[in-house]
Amino acid sequence: MARGLDDFFYDPDEEGIDLPVPVHEDRALVAPADVDAIEQFLCFRVAGERYAVDIGAVHEIVRPPPITEVPRSPRAVLGVISLRGEALPVFDVLSLLGLGASGMERAAAARRIIVLDTADGLAGLVVDEVEQVVRLPRGEIEVPPAGLGARSAPLKGIGRTEGRLLAILDPVELLNGERWK
Amino acid sequence: MTDKGKGKPKSKSLDGFLAEAQEIIEAFSRELLKIGRTTGGEADPDTVNALFRSAHSLKGLAGMFGASRLGALGHALEDLLDELRMGRVPMNGAVEGALLDAVDVFAALLSDVQAGQTAGGTEAAGLADALEDKIRSARMPAALVAAADPLDALSLDPSVRGVLTEYEEHRLRENVKTGKAIYRARAAFDMASFDKGLSDLSGRLKQVGEIISTLPAPGVAAGERITFDVLLGTARPRSQVDEALAGLEVQVAELERAAAPALPAEAPKSVPAPAPRPEGAPSAPLVQTVRVDIGKLDRLMNIVGELVIAKSNLLSVAEALKGERIPTEVSAQLFREGRNLERRLEELQAGVLDVRMVPLSQVFDKLARMLRKVARDAQKDIELEVRGGDVELDKLIVEELSDPLMHLIRNAIDHGIESPETRERAGKPRRGKLALGATQKGNHVVVEVSDDGKGIDRRRVLEVAVERGLVAASDAAALSERDVLALLFQPGFSTAREVSELSGRGVGLDVVKTNIANLSGVIDVLTEEGRGTQMVITLPITLAILQALIVDVSGRAYAIPLNSVLEITAFREADVRTLQGREVIDLRHATLPLVRLGRLFRLEPEGPAGAAQGFAVVVGLGRERIGLVVDGLLGQRDVVIKPLGRVLGAVRGIAGATDLGQRKTVLVLDVGAILTETLEAEPRHRQTG
């Protein structure tokens, strides 16, 4: 594996996560010319569903500190946390996707926060579990099916790993304020 | 300095160069006057050093600005002075003449530079050439008498003599020649604090003589301590030296000489001047100010902010340890050191804050220039009166203040001050008056823009407000005068019957108000019809670090900037009255509107409702004040406000978040916004439609 998840972790004492061996590792070795076409995604789970974001957009992964709720903020905003002195908002993925709010209970039970690096600064996604980094050849990413409506806007594509579906999200569209404010 | 000036400074103007060069030349000529009074072959070493530094500075400065002729002369002069201070050239008429000429020639060269001539061929350049010849001949020693070196007679360890700089050796020789006694003062200091001890020792020795050199003592090393030898030359008796060092652990030894040289009688002529700087007298800095990118200051500020948080954590650990099993004196010491750290940090914080401060004149001057142009375009005769330009504010605030102030001034010229003819008819002087002023009041700065124009017509304001649907016609009559003026700051309000190029349409005082609110400030308006209008802006001095009151609201902690807290008062729920749909209490015979933060933030109340007593944090900015009802007070902390992040954007009533340590994040209330929101939310103010 080219890049361990450890690089993304804030806590040095973080215990390691069992990382399944990426599926397409061998293929990359066999055909080096295709390496450019391979994209890496960070997979995570929220409310039983598997999602992924381009690893280039991930700043780091942190264990959630206490989240301070922000009064009168949109529902998707679970609150703010401090990361090395800076404040950053953390979001509920389900609300961002328009799948209903998971609320503060989920925030309290959250296992990890994926900190995304966006053009507008850092923002956190509260997730149940961070699973693995997968490498997918660009050609194997399917275009999302039509007819999902406005909700599908953050859905960039669908990938398959180990025979399971993976919803690949576009961080920019996901955090687009017009959708959740 | 010279190596720093490698890149041509673009920002620095020629004026700056001229002013600085002028300053150096003036300093040079002042020092020169002193040398003129010294008689005899030896010039006062301090004076020569000062002259040397001036020449060096001038050379460097000229080099930075490509004034080559000036630089060359400075260089020649520097060489001469160097020889002089090393004792290689005696102070005589030729040297003094050259130095005196130099002042005039420098001045002549400077006027060349001012006229754009930097290379040569001018009259001044001719003078400079002549002077350089003079300097060259002055540097030729008339006759070098190869006398026996008096230092050879001194019982000075050759290893010590070997490390003296040429200048130090020269000074030592001069002292011996004039019959002064040479003492070696040896003292050991703690490694951690030797600089302090050494400067104390040097300070005392300077009282009684000249410090020739300060050297780490050879061959003396003992663990954590470091030993220094200070060589002192003095005409005073040994007893005075001992007296000066009373109370210090210093070994003093006089260096003996083999044969007593001549001139003992001449010795106690004068008290030697304080020692020149060691290390061959480094040149004094050319420029006394440094331009710093504000971003760098912000980073420093952030670090200071994090230190403040770390300090708070440390103190709470110390506090927690108090009752534990560790010995009392250890925890007491920890606490004391913590307090010590706290004080130093406060100084550091104040220092960094101070660096960010700039005088308001920076923006006032700009506004004055703009005002003249605007007044001319509007064909109005206006006199500007500025005061308080020296009041200082955070650089960022000063920059952000420019636009709102410009807007207020334009408004005053456009709508406030009448045309000269109208003013004459009204019995006022033809020339209108506009005053721009600033005063500091505690942690706030009050900036005022006032005019002696026609004032604001409240009836007209009401008419427009009703026309635009800002207020219902039926409610209009009930509005107080102050409420009417508040309408001016509503979005989309403009009373100008004719839209002028200056004030434009649509963008008005609401933008000013928003800009000011973004700086955590408020704006008030006072007006008297026919007499004038006064806009009063109240701003915090800085936004970087503030003290905050931490309060509890429904089990959550919030921070209220202390600079807007007037007092904290307890009240009985039974005393709460309702006035025009709003809860109020009486506070010393004044009515204080209450804002229940829990309700404002729609938080679920914790614990049983209907407590008999509550706390109100009385906050105020400008003339407005309200009581924020909280459930409890948690303490007072220094906080660094961080924005909530652009992804989230602004949240009404929240100025930002602050990290209180231990990963605890607390929201900081935006008192200005809450005040505004509360006052606007008054039922009869509510917008219709």
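The values are calculated or read from the model by the stated rules, or taken from the named source; none is laboratory data. Keep in mind that this is a model prediction, so the values were computed, not measured. When we count neighbours, we look across all protein chains shown, and the Cβ atoms used for this are built from the backbone with ideal geometry, even at glycine.
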Checklist outcome for this item: Of B:Arg299, B:Arg257, the only residue that is closer than 30 Å to B:Asp200 by Cβ, basic (Lys, Arg) and at pLDDT 50 or above is B:Arg257
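Give region B:575-593 a look and list any residue that's among the aliphatic types (A, V, I, L, M), surrounded by 13 or more Cβ atoms within 10 Å (Cβ to Cβ) and closer than 20 Å to B:Ser480 by Cα, or say none.
Restricting attention to region B:575-593, the residues satisfying the condition of being among the aliphatic types (A, V, I, L, M) are B:576, B:579, B:584-585, B:587, B:590, B:592.
Okay, now just the ones that are also surrounded by 13 or more Cβ atoms within 10 Å (Cβ to Cβ), so B:576, B:584-585, B:587, B:592.
B:Val584, B:Leu592, listed by residue number.
If you go through region B:374-415 one residue at a time, how many are within 23 Å of B:Val511 (Cα to Cα) and out of contact with any Asp or Glu (no Cβ under 7 Å at 6 or more places or on another chain)?
Kept after step one, since they are within 23 Å of B:Val511 (Cα to Cα), are these residues of region B:374-415: B:374-375, B:378, B:393-415.
From what's left, out of contact with any Asp or Glu (no Cβ under 7 Å at 6 or more places or on another chain): B:374-375, B:393-411, B:413-415.
Summing the residues that are within 23 Å of B:Val511 (Cα to Cα) and out of contact with any Asp or Glu (no Cβ under 7 Å at 6 or more places or on another chain) in region B:374-415 gives 24.
Just the residues that are assigned to a helix (DSSP H, G or I) and either β-branched (Val, Ile, Thr) or surrounded by 16 or more Cβ atoms within 10 Å (Cβ to Cβ) (or both), please, taken from region B:349-360.
B:Gln349, B:Val352, B:Leu353, B:Val355, B:Arg356
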Checklist entry - Which residues, taken from region B:181-210, are basic (Lys, Arg) and free of Cβ contacts under 8 Å to residues at least 12 places away in the same chain? => result B:Lys196
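Could you list, in sequence order, all residues of region B:163-182 that are basic (Lys, Arg) and either part of a helix (DSSP H, G or I) or farther than 19 Å from B:Pro237 by Cα (or both)? Before you say what the answer is, go through the steps one by one.
Let us first name the residues in region B:163-182 that are basic (Lys, Arg), namely B:171, B:173, B:177, B:180.
Residues satisfying the conditions are B:Arg171, B:Arg173, B:Lys177.
Within region B:655-686, track down each residue that is facing another protein chain (nearest Cβ under 7 Å) and modelled with pLDDT of 80 or more. Explain how you work it out, then say what you get.
Initial filter on region B:655-686 (facing another protein chain (nearest Cβ under 7 Å)): B:656-657, B:659, B:663-667.
Scanning region B:655-686 gives B:Gly656, B:Ala657, B:Asp659, B:Lys664, B:Thr665, B:Val666, B:Leu667.
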Next on the checklist: Within region B:440-451, does at least one residue satisfy the condition of being touching a residue at least 24 places away in the same chain (Cβ under 8 Å) and farther than 29 Å from B:Ile397 by Cα?
Outcome noted: no
Checklist entry - Does any residue of region B:81-90 turn out to be part of a helix (DSSP H, G or I) and over 27 Å from B:Ile212 (Cα atoms)? => result no
Item to check | Some residue of region B:420-442 being more than 20 Å from B:Lys380 (Cβ to Cβ) and over 19 Å from the mean Cα position of the chain (by Cα) | outcome: yes
Checklist outcome for this item: Result of the Cβ filter at 8 Å on region B:288-306, keeping first residues that are within 14 Å of chain A (Cβ to nearest Cβ) and without any contact (Cβ under 8 Å) to a residue 60 or more places away in the chain and partners that are part of a helix (DSSP H, G or I) and surrounded by 17 or more Cβ atoms within 10 Å (Cβ to Cβ), at least 6 apart or interchain, is B:Leu300/B:Val352
Checklist outcome for this item: If we ask which residues in region B:601-654 are away from chain A (no Cβ under 14 Å) and outside any strand (DSSP E or B), their number turns out to be 9
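Per-residue answers, yes or no, for (1) surrounded by 23 or more Cβ atoms within 10 Å (Cβ to Cβ); (2) among the small types (Gly, Ala, Ser); (3) modelled with pLDDT of 80 or more; (4) farther than 18 Å from B:Leu566 by Cβ:
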position: B:Val617; (1), (2), (3), (4): yes, no, yes, no
position: B:Leu621; (1), (2), (3), (4): yes, no, no, no
position: B:Gly627; (1), (2), (3), (4): yes, yes, yes, no
position: B:Leu633; (1), (2), (3), (4): no, no, yes, no
position: B:Val647; (1), (2), (3), (4): no, no, yes, yes
Checklist outcome for this item: With the first residue restricted to region A:160-181 and required to be within 14 Å of chain B (Cβ to nearest Cβ) and free of Cβ contacts under 8 Å to residues at least 24 places away in the same chain, and the second required to be crowded, with 16+ Cβ neighbours inside 10 Å and of a type in the set (A, V, I, L, M), Cβ contacts under 8 Å at 6 or more apart or on different chains are A:Glu173/A:Ala153; A:Asn176/A:Ala153; A:Gly177/B:Val647
Next on the checklist: Anything in region B:464-480 that is more than 47 Å from the chain's Cα centre (by Cα) and exposed (fewer than 14 other Cβ atoms within 10 Å of the Cβ)? List them, or say none.
Outcome noted: B:Glu467, B:Gly469, B:Ala473, B:Ser474, B:Ala477, B:Ala478
Item to check | Only one of B:Leu215, B:Leu248 that is modelled with pLDDT of 70 or more and not in a loop (DSSP other than H, G, I, E, B) | outcome: B:Leu215
Item to check | Matching residues, region A:41-85, being part of a strand (DSSP E or B), at the interface with chain B (Cβ under 9 Å from one of its Cβ atoms) and of a type in the set (D, E, K, R) | outcome: none
Checklist entry - So which residues in region B:559-574 are surrounded by 12 or more Cβ atoms within 10 Å (Cβ to Cβ) and more than 40 Å from the chain's Cα centre (by Cα)? => result B:Phe571, B:Glu573
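Taking the options B:Val398, B:Val447, B:Val464, name whichever one is at pLDDT below 85 and within 20 Å of B:Lys513 (Cβ to Cβ).
B:Val464
Quick grid of which residues meet (1) surrounded by 20 or more Cβ atoms within 10 Å (Cβ to Cβ); (2) of a type outside the set (Gly, Ala, Ser); (3) in the same structural domain as B:Gly442 (by TED's automatic domain parsing):
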site: B:Met370; (1), (2), (3): no, yes, no
site: B:Gly388; (1), (2), (3): no, no, yes
site: B:Asp394; (1), (2), (3): yes, yes, yes
site: B:Val398; (1), (2), (3): yes, yes, yes
site: B:Leu401; (1), (2), (3): yes, yes, yes
site: B:Leu405; (1), (2), (3): yes, yes, yes
site: B:Ile409; (1), (2), (3): yes, yes, yes
site: B:Ala412; (1), (2), (3): yes, no, yes
site: B:Gly416; (1), (2), (3): yes, no, yes
Item to check | Hey, B:Leu594 in contact (Cβ under 8 Å) with a residue 12 or more places away in the chain, more than 11 Å from chain A (Cβ to nearest Cβ), over 28 Å from B:Glu448 (Cα atoms) and in contact with an Asp or Glu (Cβ under 6 Å, 6 or more places away or on another chain) or not | outcome: yes
